[in-house]
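Right, one structure below, let's go through it.
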DNA sequence: TAAAGTAGGTACGGAAAAGTAACTACCCTT
DNA sequence: AAGGGTAGTTACTTTTCCGTACCTACTTTA
């Protein structure tokens, strides 16, 4: 993203969440609790390993998620929302209600749903 | 973004809002009301004309924003939130409060703010 | 036995997305 | 006259992301 000085807190949080898959990952962790890397990857259909890795690093760096690495073979790394990340729960809940309303309104492409 | 079948309404809305600048644009329209293209571009620091154009087309297509073109030279096009787009107001308000809290916690890079 | 599977990554070449600069045609201001 | 404004569009360049292959050390399957 472009390097511009933040204008206000809202600008900063929007830029933080703006990157691809960011909100989606947060939602999965919020909805399903702490997840291993592979489970997280499966819960976010379409995300690539490299994107998941990078997003998780960013979110961890921002203090939104925690990362716990077990000393095992094969490696087992678990990710979860920090208390700070939990701040976003309400937002995601509201978004979920809106999503259901929008679905009823036919906002999301019906043709793909129709074929499922 | 990848072409995967939506899993649920939340998946769909997250994908809709996932694209770069999307939420930012919606917030500006929510916060400041209907805007002309140029004003919108100035209100979203760092966005390019091509990205703003593309995002606006997408949001219009999704029924989140409206577009009103005046028959003038030079062209004057105004964009605003539809009633559906207004659904997101509460979410953005909440996000704003969280942003202020996170700012106090030092989540956003302080060094840039310090030099402003 | 060899191959496949498990986990969470990393490296690489290519495709896709985004950035950048120039341009449009008209009107208004300096 | 030059410059600024309007909302884009286009062509080229740069950056980002994807898909694939690979890594480790162990277990399971054919």
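Here are a few things to note about the model shown:
- Mean separation of Cα contacts under 8 Å, 6 or more apart, over the residue count of segment B:9-115: relative contact order %: 24
- Cα centroid of segment A:61-94 to Cα centroid of segment B:18-60, whole Å: 30
- Treating each Cα of the protein assembly as shown as one equal point scatterer and applying the Debye formula with no solvent, the log10 of I(q)/I(0) at q = 0.18 Å⁻¹ comes out as -1.48.
- As a rough footprinting exposure proxy, the listed residues B:31, B:87 were ranked by other beta carbons within 10 Å of their own, and the order from fewest upward is B:31, B:87.
- A from B by rotation - nearest chain B beta carbon to the axis, in Å: B:91, 3
- Label-point gap, in nm, between residue B:8 and residue B:58 - each point 7 angstrom along Cα→Cβ: 2.3
- q = 0.16, 0.21 Å⁻¹: log10 I(q)/I(0) that the Debye formula gives for segment A:9-115, counting C-alpha atoms only: -0.79, -1.18
- Helical runs assigned H by DSSP (4 residues or longer) give chain A a calculated mean residue ellipticity at 222 nm of -16500 deg cm²/dmol, each run adding -39500 (n - 2.57) before division by the residue total.
- Averaging the sequence gap over all C-alpha pairs within less than 8 Å and six or more residues apart, then dividing by the number of residues, gives segment A:19-74 a relative contact order of 30 percent.
Read-outs throughout are calculated quantities, based only on the coordinates presented, and are distinct from any laboratory measurement. Small disclaimer: the values here were computed from a predicted structure and weren't measured. Positions of Cβ are generated from backbone atoms using ideal geometry, with glycine treated the same way; all protein chains shown enter the neighbour counts.
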